[in-house]
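Okay, structure first, notes after.
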Amino acid sequence: MPTVPTSSATPAAPAPPTAPGPLVSFARFVLCGGGIGVLSSFAVPLLAGLMPWVVANAIITVASTILCTELHARFTFGSGQHAGWRRHWQSAGSAAAAYAVTSAAVLILHTLQTSPGVLTEQTVYLSASGLAGIGRFLLLRLYVFAGGGNRTRTRTTEPVRVNSPARWPQRALAWA
């Protein structure tokens, strides 16, 4: 007599990565975003020797934002996947605000001191970047990368009501 398999065991699909907690995310954000930010802070003055500081900051901000968005999508916020255009644009919006904060801080410095030293300029730039970075972390975690994976948001729906036999007596009493 031939044997009939009782179950059709198929290999389970790998579970989607889970989003790390806020402290782990923040540590990763500081590591990735802060590391790229520090490297960028050295690149801006070098590039500013060839062009106006604001233009150099814009170029470095665009390049570092693209790199950081990918790192944040894959590592910081736990999706393990490419960021996608929507997240790149949302991240770019937060980076534009950070760019405005860092540029304003350095322009104010140059208004107060006509020729500040590199150390003073770096201190102001990194302080403004740190404050802007905290704001970006909150925006990215709570909005852009909310949910961890590279999923699209769906509208919430009404809970499904099941017309189970357990509810029939309650309905019968309600009709009586």
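The values are calculated or read from the model by the stated rules, or taken from the named source; none is laboratory data. In this text, all values refer to a predicted model and were calculated from it rather than measured experimentally. Ideal geometry is used to build each Cβ from the backbone, glycine not excepted, and the neighbour counts take in all protein chains shown. Ligands, DNA and RNA are stripped out before the accessible areas are found, and what is left, the full protein with its side chains, is counted by its heavy atoms. Shrake-Rupley method; radii C 1.70, N 1.55, O 1.52, S 1.80 Å.
Of everything in segment 76-101 that's touching a residue at least 40 places away in the same chain (Cβ under 8 Å) and hydrophobic (A, V, I, L, M, F, W, C), which residue is surrounded by the fewest Cβ atoms within 10 Å (Cβ to Cβ)? Taking the candidates together, the pick is A95. Has segment 63-71 got at least one residue that is of a type in the set (A, V, I, L, M) and under 18 Å from F26 (Cα atoms)? Scanning segment 63-71 turns up at least one residue that is of a type in the set (A, V, I, L, M) and under 18 Å from F26 (Cα atoms). I'd like to check something: does segment 146-164 contain any residue that is modelled with pLDDT of 85 or more and either surrounded by 14 or more Cβ atoms within 10 Å (Cβ to Cβ) or in a helix (DSSP H, G or I) (or both)? No, because not a single residue in segment 146-164 is modelled with pLDDT of 85 or more and either surrounded by 14 or more Cβ atoms within 10 Å (Cβ to Cβ) or in a helix (DSSP H, G or I) (or both). Reported count of residues in segment 38-75, each being among the charged types (D, E, K, R) and open to solvent by less than 50 Å² (accessible area, probe 1.4 Å), is 1. Applying the criterion of being of a type outside the set (D, E, K, R), open to solvent by less than 70 Å² (accessible area, probe 1.4 Å) and in contact (Cβ under 8 Å) with a residue 40 or more places away in the chain to the residues of segment 131-142, the residue that is nearest to P45 (Cα to Cα) is G133. If only residues of segment 102-124 that are touching a residue at least 24 places away in the same chain (Cβ under 8 Å) and open to solvent by 80 Å² or more (accessible area, probe 1.4 Å) are counted, the one that is nearest to S41 (Cα to Cα) is V118.
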